[in-house]
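S.K.: Take a look at this one; I'll ask things after.
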Amino acid sequence: MQALSRRDFGTLAFAAALALATGAAAQGGNAMGAIDEGLFVPINGMEQWITVRGRDRANPVLLILHGGPGFPMSFLAPALADWERDYTIVQWDQPGGGATHARNLGRDPGPLTVDRYVADGLAVAEWARAHLGTDKIVLLGTSWGSMLGVTMARRRPDLFSAYVGVAQAVSGPEGARTGYELGLEAARARGDAEAVAALERAGPPPYARFEDFLVRQRYTNPPSLPPSEEEAAASAAQGALLSQPPSPEARYIARDLPPYDAWNVFLETQRATFAETWDWEARDQGRRFAMPVLVIQGENDLNAPVSLARDWLDWIEAPTKHFEIVPAAGHNLFVFPEQILALLNRYVRPVLAHPVS
């Protein structure tokens, strides 16, 4: 589950904010087989924003389930441009954030529960499969999205050719507690008296108060948890790229939408989901996966602890499974898109070309 400071949230979401402020869905492609679409799709009774981008429609389809909840990643399209060479990328703004929230402003969003998001995610996968004329798609979930991804892959294995967990969440109770202990240990090691005091006041999870949950999140993520030099540099470079205003023709932007306070909506979505999130267990979803599984963790990820993800992958059964560490990375692995792409192409594309029976 991703939690950001206001400053960090503002930096990462700059392009999305520009889009909503300037913001008509568009769609298109060309004779060479490229696809570039952005459109609102009726998903279980709500119009939800979906983007589809790729250079060759014959490529595997990759559905990304973003983190948060409440932090859509469709605005990251410029940072994922290289991915479009090898995959057709489908991104979905989940309810409780982004263009989906703006489109439905003033309407009841419905229950913001794991089951609801899973049901909507499966409907998006069904739509993508039919829309793009493919039998199965690759499913990638990051952070909160990895919870949805595990559940979706287990519930509807017929839809997915592979599952990829990036910053894989495994156990709400154990992950929350382990992350808290690691965050407190790191704060003490760097002599951060303010962080130590805040964490000790909040105490270890589970939390009845949302405010205490936010303290734990704050000190297991940058900037309150200092990033490595490599992560800081990657974040700065990505921020500079995304700070460039999108072109008027950018189809990954949902236009003509009412503005809203993205930070407050993010917090309210987190508030609505935090208790259920920290009760969730990957093992409760089942052990046997019908498709290959790849898990990618940041070396310094305290929010979704590396040891828990490794143990879970060892426990599950799958046709093939791989565990990879991105050095110097924390929880937000998407500031290292090149490394993720390289791992996808090393472990996922060969399996798709030669399916494992």
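S.K.: Filter region 279-291 down to the residues that are assigned to a loop (DSSP other than H, G, I, E, B) and open to solvent by less than 50 Å² (accessible area, probe 1.4 Å) and list them by number.
M.R.: Matches in region 279-291: TRP280, GLY286, PHE289, MET291.
S.K.: For VAL326, indicate whether it is open to solvent by 10 Å² or more (accessible area, probe 1.4 Å) and either under 30 Å from GLN217 (Cβ atoms) or more than 19 Å from the chain's Cα centre (by Cα) (or both).
M.R.: When the stated conditions are applied, VAL326 does not pass them.
S.K.: Given the condition in a loop (DSSP other than H, G, I, E, B), at pLDDT 95 or above and not β-branched (Val, Ile, Thr), answer yes or no: does some residue in region 73-84 qualify?
M.R.: yes
S.K.: For region 259-273, how many residues are open to solvent by 10 Å² or more (accessible area, probe 1.4 Å) and either within 20 Å of the chain's Cα centre (by Cα) or of a type in the set (A, V, I, L, M, F, W, C) (or both)?
M.R.: The total comes to 8.
S.K.: Next question. If you check ALA58 against the conditions, is it modelled with pLDDT under 55 and in a loop (DSSP other than H, G, I, E, B)?
M.R.: no
S.K.: Could you give every pair whose Cβ atoms fall below 6 Å, whose first residue belongs to region 203-220 and is within 14 Å of GLY172 (Cα to Cα), and whose second residue is open to solvent by 80 Å² or more (accessible area, probe 1.4 Å) and of a type outside the set (Val, Ile, Thr), counting only separations of at least 6 or pairs across chains?
M.R.: PRO204/ARG177; PRO205/ARG177
S.K.: Kindly evaluate GLU276 against the criterion of being open to solvent by 50 Å² or more (accessible area, probe 1.4 Å), of a type outside the set (A, V, I, L, M), under 22 Å from TRP92 (Cα atoms) and part of a helix (DSSP H, G or I).
M.R.: Answer is yes for this residue.
S.K.: For region 95-120, enumerate the residues that are open to solvent by less than 20 Å² (accessible area, probe 1.4 Å) and of a type in the set (Gly, Ala, Ser).
M.R.: GLY96, GLY97, GLY98, ALA99, ALA102
The values are calculated or read from the model by the stated rules, or taken from the named source; none is laboratory data. Please read these numbers as outputs of a predicted model, since none were measured by experiment. Note that each Cβ is placed from the backbone with ideal geometry, even for glycine, and that neighbours are counted across all protein chains shown. With ligands, DNA and RNA removed, areas are computed over all heavy atoms of the protein, side chains included. Shrake-Rupley method; radii C 1.70, N 1.55, O 1.52, S 1.80 Å.
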